[in-house]
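Q: Got a structure for you, written out below as structure tokens; questions coming shortly.
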Amino acid sequence: MTSPGTHSPPAACPQCGAPLPAHGFAGLCPRCVSASLDSIWSEDQPPDTAPPPAFRDWQILGPLGTGGQGIVWRAVRLHDDLPGALKVFRSSPENLLEAAARSESEAAALRSLTHPCIVTVLDSGPASDGRFCIVTELVEGCDLHHLLKAGPLPAPRALHIASCLLSALSHAHRHGIIHRDVKPANVFTGPNHTVKLGDFSLAISNNTPVTITRDGTAFGTPYYLAPESLLGKPATPAADLYAIGVLLYEMLTGAPPAGRFARLSTKCHLPREADTLVEQLLAEDPARRPPSADAASAMLDRLLSAIANSESRARRRSRSILAITTAAGALLAAATGYLIPKPSPPPPPQPPLNHLGFPNPLAATSSSPFLNSLGMSFVPVRGLPSLLFSRFETRMDDWIAFSNATSGPAGLIWQEISGASGTIRAPLFTVSLAGWSESKGPDPWPDPGFSPPANAPAWGINCQMARRFCSWLTWREQQEGRLSRDQFYRLPSDAEWSTAAGLPTEPAAAPGDRHMALPPHEPRYPWGPDWPPPPDFANYAGREARDPSWPTLWLSLKLRKDNFPRLAPVGSFPPNANGLHDLWGNVWEWCDDRISPLSGEYVQRGGSWVDGGYDVQLRRDFRQRFNQGYRSTMTGFRCVLVIGR
């Protein structure tokens, strides 16, 4: 691959001595390149007809994809409902030991790396039939290969992905691991700008010679191979940086670079720093590439600064032109006596119904909520223009409607499309005299120890169950035409929940860093600065909770009593300034955010009917954290609807 302005390749191919054309690839003649690539593609691959494996306590839900190294299945761990991506390595009697070594190598590499942009390994080992498996976290989203089928990415997104990958590679290289197969299919993108680098099955230690395995997979992937890899030279971090150069160019232009490729400053109208970065990453000589992933990141930062400066200059020019135009218009109006036209009127309000006659979520206001097919009520929240928040916690009646709908033929269709399973496997924690008791058994809804009232919030819901509810409701209402294809239900993020609850801006990036971090001048509690909460504020544990079944050692609010010893019907307490009921108390509400990037625990907000004995749990900025499979009689959820104004 020859970048603009570089010298021609050597006069002769170093492998066969044949004359090289003007535009060689990696210093080789076309015949040798073709032979090298044919050696990868010509090996017979086992058919993808093998049944899914039986691997420990993982249940296979359906295939996610196939590749040269094996099949990847969507799976769920039975004891805690944790989703995962289970890869079964291809093997045959001739390469069984090689497949085992590759599986163990990938697991060892991933276990030694802990980074927010590298997939986390959850399990590994042989399946019951001897095939080797590795289970990694499941990134709910899309790999970059499929994302690029729609065309090039916007520059900010492409540069963000490149920055994440360089950070991941920097971490791997510092631990002596070279990936060797950085390509779009191994880059996973998810919600909240998540980027993860996966598939470390070809990863090796620094300066290990490159070898061609029997099935060819250790060679890497054409287009993303560094020139020295084609020549069989020892692998170094520079080979990964070369792949990043190919990937970055492909993300920005829609096609990988080839021959004398066009400069990004010309093709994508980016600053010249983009040309410098890509040309150095794609240098044929590894010594001319950036000396490390950190050095490449620094170059990328300079490119981002140049883009920001360019946009700032463009805005200043626009303001200057506007000022000059306005001044000229004023002078002209003064000279001619004509009035300057008034600004255009605001756009007309959204129609209350969509084109199929269903309620239009874009027309929702605080006084005229959007009602969905289950009767759930949604209103806009100041500061969150693209969302509607449910006015109430999701009701048990809503959950029962979901459960009934997904148990029939329509549910099978939804499960086939979504890959989700309707089975609840996680145990339920209930309150007893001794405290929390774990209820195990075939019944996912054992006796909670009390009689829930009519219109109670959904309880006993873990984070995964809440996500499935949102996924099903989206699918159902898009199928019916109630929602457009870019409108969908999901759980709120931690920051969105804070905004809806009326908290000030919390500058920290991770929920764990925002935990109990409000400045001293801010009111500590959602009702104000003073303790205890008034009796009509929320459903907390007061004197009414201390009945004969209340745990002996548990504390409660001594000077407060409301009408609800356990769960309260949704909407039993006044709404907040955004028109939302029960953000505080009743049930803890799941947020779809990890407490920190490297944690497996997810955030819950708001407190519940069991809380009151410890004032810290009722603070506005308090976060509770649990594994996403945890479910108890104090856990529920609230939906948001993305409407994309």
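Q: Is the C-alpha gyration tensor of region 540-645 telling us rounded, prolate or oblate? Criteria: a/c under 1.5 is rounded; beyond that, a/b larger than b/c is prolate, otherwise oblate. Don't jump to the answer; show the numbers that get you there.
A: Numbers: a/c = 2.11, a/b = 1.37, b/c = 1.53.
In terms of gyration-tensor shape, oblate.
Q: Could you sort 581-589, 264-272, 515-523 so that the peptide with the highest average Cβ count within 10 Å comes first and the rest follow in order?
A: On the way: 581-589: 26.1, 264-272: 15.8, 515-523: 11.6.
Put in order of decreasing packing, that is 581-589, 264-272, 515-523.
Q: Once you have the Cα-Cα distance between THR66 and PHE358, take 0.36 nm times their residue separation minus that, and quote the gain in nm to one decimal. Walk me through the numbers on the way to the answer.
A: Numbers: separation 292, 0.36 × 292 = 105.12 nm, distance 4.07 nm.
Extra length available between THR66 and PHE358 comes to 101.1 nm.
Q: Sticking with this one: Name the residues whose placed amide hydrogens come within less than 5 Å of the amide hydrogen of ASP143, ignoring near sequence neighbours (fewer than 5 apart) on the same chain.
A: Close amide H contacts, sequence-distant or interchain: THR189.
Q: Amide H to amide H under 5 Å from ILE71: which residues, 5+ apart in sequence or cross-chain, H placed 1.01 Å off N in plane?
A: Placed amide hydrogens put VAL88, ARG90 under 5 Å from ILE71.
Q: Once ligands and nucleic acids are excluded and a 1.4 Å probe is used, how much of GLU311 is accessible, expressed in Å² to the nearest 10?
A: It works out to around 100 Å².
Q: How large, in percent, is the carbon and sulfur part of the accessible surface of region 540-645 at a probe radius of 1.4 Å?
A: Working: 2010 of 3720 Å².
Here carbon and sulfur together make up 54 percent of the probe-accessible area.
Q: Provide the per-residue ³J(HN,Hα) series for region 393-403, in order, calculated from phi with Karplus coefficients 6.51, -1.76, 1.60 and θ = phi - 60°, each as a whole number of Hz, with x at glycine and proline positions.
A: Ordered by residue, 3J(HN,Hα) equals 4, 4, 7, 4, 4, 5, 5, 5, 4, 5, 4 Hz.
Q: Going down the table (LYS87/LYS149; LYS440/LYS561; LYS149/LYS233; LYS87/LYS183), which pairs top 28 Å between alpha carbons? Intermediate values should be presented prior to the final figure.
A: Values: LYS87/LYS149 24 Å; LYS440/LYS561 33 Å; LYS149/LYS233 33 Å; LYS87/LYS183 18 Å.
Long pairs (Cα-Cα over 28 Å): LYS440/LYS561; LYS149/LYS233.
Q: Tabulate in residue order the Karplus-calculated ³J(HN,Hα) for region 279-287, using 6.51 cos²θ - 1.76 cosθ + 1.60 with θ = phi - 60°, rounded to whole Hz; enter x for Gly and Pro.
A: Per residue, the Karplus-derived 3J(HN,Hα) values read 5, 6, 4, 9, 4, 5, 8, x, 5 Hz.
Q: Moving on. Could you give the length gained on full extension between HIS146 and ASP285, defined as 0.36 nm per residue of separation minus the Cα-Cα distance, in nm? Walk me through the numbers before you get to the answer.
A: Details: separation 139, 0.36 × 139 = 50.04 nm, distance 3.10 nm.
Once the chain is fully extended between HIS146 and ASP285, it gains 46.9 nm.
Q: Would you please classify the overall shape of region 477-582 from the alpha carbon gyration tensor, given that a ≥ b ≥ c denote the square roots of the eigenvalues, rounded means a/c under 1.5, and beyond that prolate means a/b larger than b/c while oblate covers the rest? Provide the component values of the computation, followed by the final result.
A: On the way: a/c = 2.23, a/b = 1.37, b/c = 1.63.
Oblate, since a/c reaches 1.5 and b/c is not below a/b.
Q: Amide H to amide H under 5 Å from SER124: which residues, 5+ apart in sequence or cross-chain, H placed 1.01 Å off N in plane?
A: Long-range HN contacts for SER124: VAL135.
Q: Can I ask one more? Determine ³J(HN,Hα), in whole Hz, for all residues of region 504-509 in sequence, where each value follows from phi through the Karplus function 6.51 cos²θ - 1.76 cosθ + 1.60 and θ = phi - 60°; x replaces Gly and Pro.
A: Karplus values, whole Hz, x for Gly and Pro: x, 4, 9, x, 4, 7.
Q: Using 20 Å as the cut-off for backbone N distance, which residues of region 584-611 belong to the label zone defined by a point 7 Å from the Cα of ARG543 along Cα→Cβ?
A: Only 609-611 fall inside the zone, counting backbone N under 20 Å.
Q: Also, I was wondering about something else. How much solvent-accessible surface does SER484 expose, in Å² to the nearest 10, with a 1.4 Å probe and all protein chains in place?
A: Ignoring ligands and nucleic acids, SER484 comes out at about 50 Å².
The values are calculated or read from the model by the stated rules, or taken from the named source; none is laboratory data. The model shown is predicted, which means the values in this text are computed figures rather than measured ones. Using ideal geometry, Cβ is built from the backbone for each residue, glycine included, and neighbour counts are taken over all protein chains shown. Just the protein is used for accessible areas: all its heavy atoms, side chains included, with ligands, DNA and RNA removed. Shrake-Rupley method; radii C 1.70, N 1.55, O 1.52, S 1.80 Å.
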